[in-house]
Amino acid sequence: DTAVSQTPKYLVTQMGNDKSIKCEQNLGHDTMYWYKQDSKKFLKIMFSYNNKELIINETVPNRFSPKSPDKAHLNLHINSLELGDSAVYFCASSQGAGIQETQYFGPGTRLLVL
Amino acid sequence: QKEVEQNSGPLSVPEGAIASLNCTYSDRGSQSFFWYRQYSGKSPELIMFIYSNGDKEDGRFTAQLNKASQYVSLLIRDSQPSDSATYLCAVSTPGAQKLVFGQGTRLTINP
């Protein structure tokens, strides 16, 4: 059973396009996250939702819009894709939003913008 | 100054030796510390967490925390080639509700 899953696994697209990445977790967790990992392996949080409510919104261009239809799903829509958006995007989840919570990561979505 | 700093490596260690990975953090109020392992092309997976000063052991892994000096380390005893990966240090601070990751240390265990 996959705990945190993401689709698609790979995404190759042209500059200016709009794309979405989907994430689902079957762990019964309340909190979900989106991270971006750049080519230097630096992993940085973008957004976090707790029970479908946005609790973290880092300094991310407003071309990125997360949506959580329920607490098991967190999607990421990206408008007007730019070359600099090329990265691996990881979804993660944790039981709660506390500072001692372990986060479980999905397999990642490798986005390449041409 | 970066919030969480690690030596990016690569760190090369012979098989069977002890690998020592270090991490420093800038926020003195940080309370929770995590070590994640990430194989090439894979997602990060938790190895250990530590909240209190001192050592915490789990099998071949030992996490060490010194809040006064603001550093946390991970020791891997009897290193195996399968330990070759990037190790990410992550720190959580009350009120921030987020993990801040270091840039990771790439570890290579040589047979």
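The values are calculated or read from the model by the stated rules, or taken from the named source; none is laboratory data. Predicted model only: the values in this text are computed from it and were never measured. As a convention, Cβ positions derive from the backbone with ideal geometry for all residues, glycine included, and neighbour counts pool all protein chains shown.
Taken as a whole, the condition of being touching a Pro at 6+ places or on another chain (Cβ under 9 Å), of a type outside the set (Phe, Trp, Tyr) and modelled with pLDDT under 95 does not apply to B:Ser8. Scan the stretch A:57-68 and give yes if some residue there is in contact (Cβ under 8 Å) with a residue 24 or more places away in the chain and either among the charged types (D, E, K, R) or out of contact with any strand residue (DSSP E or B) (no Cβ under 9 Å at 6 or more places or on another chain) (or both), otherwise no. No, because not a single residue in the stretch A:57-68 is in contact (Cβ under 8 Å) with a residue 24 or more places away in the chain and either among the charged types (D, E, K, R) or out of contact with any strand residue (DSSP E or B) (no Cβ under 9 Å at 6 or more places or on another chain) (or both). The conditions of being of a type in the set (Asp, Glu) and either within 10 Å of chain A (Cβ to nearest Cβ) or without any contact (Cβ under 8 Å) to a residue 40 or more places away in the chain (or both) are not met by B:Asp78.
Scanning the stretch A:62-107 for residues that are of a type in the set (S, T, N, Q) and crowded, with 20+ Cβ neighbours inside 10 Å yields A:Ser93, A:Ser94, A:Gln103. Might you let me know whether the stretch A:6-16 holds any residue that is within 12 Å of another protein chain (Cβ to nearest Cβ) and at pLDDT below 95? No: the stretch A:6-16 contains no residue that is within 12 Å of another protein chain (Cβ to nearest Cβ) and at pLDDT below 95. For residues in the stretch A:1-14 being closer than 22 Å to A:Leu114 by Cβ and surrounded by 13 or more Cβ atoms within 10 Å (Cβ to Cβ), which is nearest to the chain's Cα centre (by Cα)? So the residue we want is A:Gln6.
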